[in-house]
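Down below is the structure, laid out as structure tokens.
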Amino acid sequence: MPARVFSGIQPTGAIHLGNYVGAVRNWVRLQDRLESYICIVDYHAITIPYDAKEFPGRVFEAGLDLLASGIDPQKCVLFLQSTVPEHTELSWIFNSLASMGALERMTQFKEKSEQFRDNINAGLFTYPVLQAADILLYKAALVPVGEDQLQHLELSREIARRFNHHYGETFPEPKAELTSGARIMALNDPTRKMSKSIPGSFISLSESPTEMRKKLMRAVTDAGPQEGEMSPGVKNLFLLLEAFAPAETLRHFQEQYEAGTLRYGELKPAVADAVVAELGPIQERRAELAAHPERVWEALDYGAERARKIAVETMAEVRQKMGLRGGRP
């Protein structure tokens with residue numbers, strides 16, 4: 001039996017290059033060798049202000065992009081979080097095991113509280129507890145994460161230990177599988193991570209090749225190396241080149257940079273060519289799926305059925321060990 005892996009993505013709109021390189025492309029590779037559960041975490045997404053009328057469309061776009069990128073619902077369990085109610089049930093149970101002190105130390109809570117000062121809600125505070133429930137509900141052994149999520153994963157491990165200590169061995173302590181993709185930064189501010197909340201900073205998988213090229217040609221660069229180091233803007237272009245271009249193309253521009261002959265007028269088109277070349281087949285599959293939206297919903301429903309089989313089993317075991325419902329499912 002291959003190791004079980006769990007990961008999730010919020011339906012915050014079309015998936016962008018940072019999501020694709022840092023997460024989605026890794027998931028596509030993992031599904032061939034690991035038992036993979038990929039979840040569109042819509043309950044997590046409602047912890048910040050959102051438009052309820054637009055929300056179903058955002059969920060659909062996330063599913064559409066994942067399928068177009070190569071997530072195969074026959075190989076991978078792809079599903080929507082809110083269609084598996086056991087996530088929130090286990091989260092409530094885990095609330096009794098998570099310490100206030102640990103939650104108060106969460107960096108993401110501090111950042112989101114600063115960003116959404118008028119909406120510092122309890123869900124935002126207990127976000128990592130629901131995340132632990134997402135992972136442990138499927139007894140996942142591995143969680144593909146970036147370094148910025150290691151703090152949350154450690155809380156999941158702590159909750160697993162506490163449950164096992166109080167109620168008996170039940171959950172594995174999930175380990176991190178650090179994503180191999182580079183951390184792509186904002187095109188218009190390369191000191192910040194690429195984000196849909198920063199207008200002009202990102203390229204989504206749904207954009208046309210022409211739009212992609214325009215954004216990359218406008219990407220921020222600067223006069224050259226700073227104190228012997230590559231400047232943030234140029235470094236970001238090289239990260240994109242490394243992520244999408246053939247090795248010889250990357251090597252060619254690295255040699256130019258080291259020789260002091262690098263021209264942005266050549267580098268940017270090369271980056272654009274590489275990005276467009278890889279995303280072209282994805283966009284073709286995306287257009288085909290968009291013309292048949294029922295296929296996206298059917299894939300998510302099928303994944304939810306498969307996910308619930310595991311989730312129901314886990315919750316029956318949890319209730320029995322905790323003495324809830326007389327140990328009955």
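The values are calculated or read from the model by the stated rules, or taken from the named source; none is laboratory data. All values derive from a computational prediction rather than experimental measurement. FYI the Cβ positions are ideal-geometry reconstructions off the backbone, even for glycines, and counts take in every protein chain you see. When the accessible area is computed, the model is the full protein with side chains, heavy atoms only, and any ligands, DNA or RNA have been set aside. Shrake-Rupley method; radii C 1.70, N 1.55, O 1.52, S 1.80 Å.
Below are the figures for this structure:
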item: Residue in region 178-198 that is nearest to Tyr138 (Cα to Cα), counting only those that are modelled with pLDDT under 90 and open to solvent by 50 Å² or more (accessible area, probe 1.4 Å); result: Leu178
item: Residue under evaluation Ser201, criteria (1) part of a loop (DSSP other than H, G, I, E, B); (2) open to solvent by less than 20 Å² (accessible area, probe 1.4 Å); (3) more than 26 Å from Pro281 (Cβ to Cβ), criterion not met; result: (3)
item: Residues satisfying the stated conditions in region 150-177, i.e. part of a helix (DSSP H, G or I) and open to solvent by 40 Å² or more (accessible area, probe 1.4 Å); result: Leu150, Gln151, Glu154, Arg157, Glu158, Arg161, Arg162, His165, His166, Tyr167
item: Those residues of region 1-26 which are within 17 Å of Leu300 (Cβ to Cβ) and assigned to a strand (DSSP E or B), in sequence order; result: Phe6, Ser7, Gly8, Ile9
item: Hits in region 281-306 - residues which are of a type in the set (Gly, Ala, Ser) and within 14 Å of Ile71 (Cβ to Cβ); result: Ala299, Gly303
item: Flag if Arg295 is open to solvent by 60 Å² or more (accessible area, probe 1.4 Å) and touching a Leu at 6+ places or on another chain (Cβ under 7 Å); result: yes
item: In region 27-75, the residues that are of a type outside the set (A, V, I, L, M), open to solvent by less than 70 Å² (accessible area, probe 1.4 Å) and part of a loop (DSSP other than H, G, I, E, B); result: Gln31, Thr47, Asp51, Gly70, Asp72, Pro73
item: Residue that is farthest from Glu154 (Cα to Cα), among those in region 91-107 that are among the hydrophobic types (A, V, I, L, M, F, W, C) and open to solvent by 30 Å² or more (accessible area, probe 1.4 Å); result: Trp92
item: Which listed residue is within 30 Å of Gly70 (Cα to Cα), over 28 Å from the mean Cα position of the chain (by Cα) and surrounded by 12 or more Cβ atoms within 10 Å (Cβ to Cβ), from Leu216, Leu267; result: Leu267
item: Matching helices (runs of 4 or more DSSP H) fully within region 223-319 where at least 3 residues are of a type in the set (Asp, Glu); result: 247-259, 264-290
item: Any hit, region 219-239, residues being polar (S, T, N, Q), touching a helix residue (DSSP H, G or I) at 6+ places or on another chain (Cβ under 6 Å) and over 30 Å from Gly8 (Cβ atoms); result: yes
item: Members of region 320-329 found to be assigned to a helix (DSSP H, G or I) and open to solvent by 80 Å² or more (accessible area, probe 1.4 Å), listed by number; result: Gln320, Arg325
item: Residue that is surrounded by the fewest Cβ atoms within 10 Å (Cβ to Cβ), among those in region 76-85 that are closer than 13 Å to Val41 by Cα and not small (Gly, Ala, Ser); result: Pro85
